[in-house]
Structures are given as C-alpha cells and as structure tokens.
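A.B. asks: Have a look at this one before I ask anything.
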Amino acid sequence: MKDKTRENVYQAFVGEAKAYFRLLAYAQKAAEEDVPQVALLFRAIAEAERVHATRHLNLAKEVVVKDTDTNLEASFQREKTISENVYPEFIRQAEEEGEQAAAIAFGHARDAETYHAKLYERAMLHVIKDAVVEYHVCQVCGYVTDRKIPDKCPICGAPPEKFKTVT
C-alpha cells in the first residue's frame, strides 16, 4: 500500500473507531432519558461504524498486525510509553488547569496501563503460553487481572461487582 493511502486508511480506522464508541455513549444517554428509538438508532449506526473500522483495520493489517510475538512486543512497548510518558504529562496538565476529575481518570488509566504491560510481559516470557484463563476487567478504571476478582480494585477501589469477566 502506498504511503498516502496507508495513512488515510489508518486515519479512517481511527475516525470510525471513535465514532463507534461515541455513538454507544449517545445511545446510553438516550436510553437513560427514556428515548428508546433514538437509543436504538445510535446503536445501529454504531454497529455500522464498527463494520467500517473493521474493514479499514483489515486493509491496514499488513502494516499494523504482525505475528503474535511481534504484536505482544509492540503492545508491551505502547503500554510502557503511554504509562511512563503520555499519561504523566496529561496528569500534570490537568492538575495545572485545576481539572481534578480528568487528573484522576488519567491517573487510573496510567496505573491500569502499567498492569497491562506486566500482563503482556508475562505473555512474552511464555509464563501464560499454554494456559487459557479468564481475565477480570474493572469497569471503572480498566485494571485487568488474571487472578480472582479482588475485594476491591487496587487502582480505584471499585467493589467486585464492578468487574467484568472476559473469557
């Protein structure tokens, strides 16, 4: 794929992925406001945006999706970069502007990304190579564990019922 088209495919993927999540949030709000038909419309169009994003990602796979070991290494490096460089700067800027809610959300994300990196690292070291386990994801901050659901999230303190099991 030529450079400009590759960049456009990637940008299209990012835009469609953002639209998918934005529309799901709109659908949730419409449902909360008891406007079920509009909620359904938002969910339907969100699904269409997911289709678009998936098609664009499939076009870009030759660029972004490699073998599993390479994908693990790239994911590990991204998590480390984000947790060690990107989120600390976001936190600093939010605190400078007095945006405490954003600073807390960024802090939770930073800490969760650190745990994500550790899970990737264990996978790269083949600690979990052949074991198929379930993961538990805190729906408040994004913390992930392959152990039992904790009594409270180690990052944000959420109770066990705020965890979603991924199998």
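The values are calculated or read from the model by the stated rules, or taken from the named source; none is laboratory data. It should be emphasised that the depicted structure is a prediction, and the values quoted were computed from it without experimental measurement. Methodologically, a virtual Cβ is constructed for each residue, glycine included, from the backbone with ideal geometry; neighbour enumeration extends over all protein chains shown.
A.B. asks: Name the single residue that is surrounded by the most Cβ atoms within 10 Å (Cβ to Cβ) among those in the range 145-167 being in contact with an Asp or Glu (Cβ under 7 Å, 6 or more places away or on another chain) and touching a residue at least 24 places away in the same chain (Cβ under 8 Å).
C.D. replies: Of the range 145-167, the ones in contact with an Asp or Glu (Cβ under 7 Å, 6 or more places away or on another chain) are 155, 160, 165-167.
Next cut, touching a residue at least 24 places away in the same chain (Cβ under 8 Å) only: 155, 165-167.
Values: ILE155: 19, THR165: 9, VAL166: 10, THR167: 6.
Result: ILE155.
A.B. asks: Which members of the range 47-84 meet the condition of being more than 24 Å from TYR20 (Cα to Cα), in contact (Cβ under 8 Å) with a residue 12 or more places away in the chain and loosely packed, with under 13 Cβ neighbours inside 10 Å?
C.D. replies: Listed by number, the list holds a single entry, ASP69.
A.B. asks: Now a separate question. Looking at (1) within 19 Å of SER83 (Cα to Cα); (2) in contact with a strand residue (DSSP E or B) (Cβ under 7 Å, 6 or more places away or on another chain), which one does VAL166 not meet, given that it meets all the others?
C.D. replies: (1)
A.B. asks: Next question, about the same structure. Do the conditions hold for ALA101, that is, is it assigned by TED's automatic domain parsing to the domain that holds LEU72, hydrophobic (A, V, I, L, M, F, W, C) and buried (at least 18 other Cβ atoms within 10 Å of the Cβ)?
C.D. replies: Details: assigned by TED's automatic domain parsing to the domain that holds LEU72: yes; hydrophobic (A, V, I, L, M, F, W, C): yes; buried (at least 18 other Cβ atoms within 10 Å of the Cβ): no.
Taking the combined requirement at face value, the residue does not satisfy it.
A.B. asks: Oh, and also: Just for the range 1-51: of the residues that are part of a helix (DSSP H, G or I) and of a type in the set (Val, Ile, Thr), which one is farthest from LYS61 (Cα to Cα)?
C.D. replies: Let us first name the residues in the range 1-51 that are part of a helix (DSSP H, G or I), namely 3-32, 36-51.
Checking the rest, the ones that are also of a type in the set (Val, Ile, Thr) come to 5, 9, 14, 38, 45, 51.
On the way: THR5: 13, VAL9: 10, VAL14: 14, VAL38: 34, ILE45: 24, VAL51: 15 Å.
Per the criteria, the residue is VAL38.
A.B. asks: To continue, here is another question. Please go through the range 56-96 and give me each residue that is at pLDDT 90 or above and among the basic types (Lys, Arg), ordered by number.
C.D. replies: Matches in the range 56-96: ARG78, LYS80, ARG92.
A.B. asks: Please count how many residues of the range 1-39 are of a type in the set (Gly, Ala, Ser) and loosely packed, with under 13 Cβ neighbours inside 10 Å. So that I can check it myself, show each step before the final result.
C.D. replies: Kept after step one, since they are of a type in the set (Gly, Ala, Ser), are these residues of the range 1-39: 12, 15, 17, 19, 25, 27, 30-31, 39.
Now restrict to residues that are loosely packed, with under 13 Cβ neighbours inside 10 Å: 25.
Matching residues across the range 1-39 total 1.
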